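One structure is given here, and the rest of the page talks about it.
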Amino acid sequence: MSAVNPRRWWALVVLAAAQFMVIMDTSIIGVALPEMQKDLGFSQGELQWVFNAYVIAFGGLLLLGGRLSDLLGARKVFSTGWVVLIAGSVVAAAAQTAWVEVVGRAVQGVGGALIAPSAMTLLMMLFAHDPKELGKAMALYGAAAPAGGTAGVFLGGVFTEWLSWPWVFIVYIPIGVATLAATKLLPAVGGRRGSVDVLGAVAVTAGLALAVFAIVRAPETGWTSTGTVLQLVGAAVLLALFLVMQKSVREPLMPLGIWRVPRLGSANLAMALLGAAWIPMWYFLNLYLQQVLGYGAFASGAALLPMTGLLMIFMTAVTARLLARFGAKPLIGGGLLILAAGLLWLSAVEPTGTFAVDVLPASLVAALGMSLAYIPAMMAAMSGAPQEQAGLASGIVNTTYQVGSALGLAALTAVATSQGAGQLGDLPALTDGFGAAFVWAAVIAAVGGIVTLLTMRSEAAAMAKQPDTTAAAQGDRAAA
């Protein structure tokens, strides 16, 4: 048994800071979007690429990042991820055109895809000796995620209002350099021999990107146009090719036998629909505050703090207790339905609305639903997996959430644009478009809640199924 690392709690600070920054990267740009749109010439429909370029690269490459962490060593991949993230931040901050900004955000996403799985591997290595310490470390690491989301909303407003939007990227440069200097606190463990399914990673990432591109362009080119149809067919072919390769390659990124794990499929479906509803809400709420209500960047960020603050409190102090008492299924299903209610309430926004009436109460209801569903869905996806597949299950459910976010934002941006959200300056048209996006986000969340309550196994049923799953997994490994 390996010796206990005496610097493990300091190392946890480094890993939690990495989690904080990776999550902050998805929230800090929200309030800066209108200023970036003005300076870089994004259309209303294209603006989502500032977010989706990051999410597609991050979500599409998470499994590859985990595989590289196993083969090359987690600390080496963690450090490499920070170098890539810093490089992407420099490009994004210096961008003078829309396409360069999108490239910078994609490079940031690649860095995040290397950092996130290697950080989790390092955490498990540091604390695997003591289940109690591991639980405490996981709680602290998990708390860094909502803290990063909250800080990103606030700092994005501060930087954009009093400095300029490039500072939402510049901030990553000194923090990244400091993190690289602190990696000496992390355990240096060598990798192992094996192959990397690069073609699989390329196929799934390219398929996702092509699907999002087709959906983004569809309102302009037409849903039945030759270009849109060919792009969607191409995306489907690439994603199908990824699945075929996972069945045929010797060391796949995602062994298909993992899907025999009880509740993995239903939990991943819930996470995909949760991301497809939540991320568009956050995106369009930022735009409504600034483009319709006329809020500045700082005021818009401050307006979202109650929502993100509630998320942080519930995720760190309440949801775990409810999960222990009631189990995952009612929390996931109920949380998604509560999120749907908040989104439906938000759909009633008015061109002459106010924060106190049109935004605050509905956003708090939506945040309550998100805080109840997210962690239980993660736990449900991982709880039935054999220990040797727990990391893979974690990577899949994180990927699913990011994929759902990207596709949901693309689809609901198309809905919003078709209902008037592309008409900058026309407040009634903008509001109609944003309201339509909130309605369909509510539909997505409601479907997720209902399907979860109808199809997900309870904890007892999943445990009863577990011996067959473990045997099946062993059979897959033996066959390989």
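Here, each number is a calculation from the coordinates, and none is a lab measurement. Everything numeric here is computed off the predicted structure, so don't read it as measured data. When we count neighbours, we look across all protein chains shown, and the Cβ atoms used for this are built from the backbone with ideal geometry, even at glycine.
Taking packing as the residue-averaged number of other Cβ atoms within 10 angstrom, the listed peptides 317-327, 291-301, 398-408 run from highest to lowest as 398-408, 291-301, 317-327.
Classification of segment 174-298 by its C-alpha gyration tensor yields an oblate form. The axis ratio a/c (a ≥ b ≥ c) is 1.5 or more, and b/c is at least a/b. For the listed peptides 30-39, 90-99, a ranking on the average number of other beta carbons within 10 Å per residue, highest first, reads 30-39, 90-99. For segment 291-361, the equivalent ellipsoid derived from the alpha-carbon gyration tensor has semi-axes of 29, 16, 7 Å in decreasing order.
Projected over every direction and averaged, the convex hull enclosing the alpha-carbon atoms of the chain yields 21.2 nm².
Just add up the charged neighbours of ALA182: K/R +1, D/E -1, any other residue whose Cβ is under 14 Å from the Cβ of ALA182. Local charge sum for ALA182: +4. With a simple spin-label model that places each label point 7 Å from the Cα along the Cα-to-Cβ direction, the separation between GLU251 and VAL357 comes to 6.2 nm. Taking Lys and Arg as +1 and Asp and Glu as -1, the other residues whose beta-carbon sits under 11 Å from that of TRP165 total -3. Calculation over all alpha carbon pairs of segment 1-193 in 5 angstrom steps from 0 returns a P(r) of 1, 9, 16, 20, 19, 14, 9, 6, 4, 2, 0, 0 percent.
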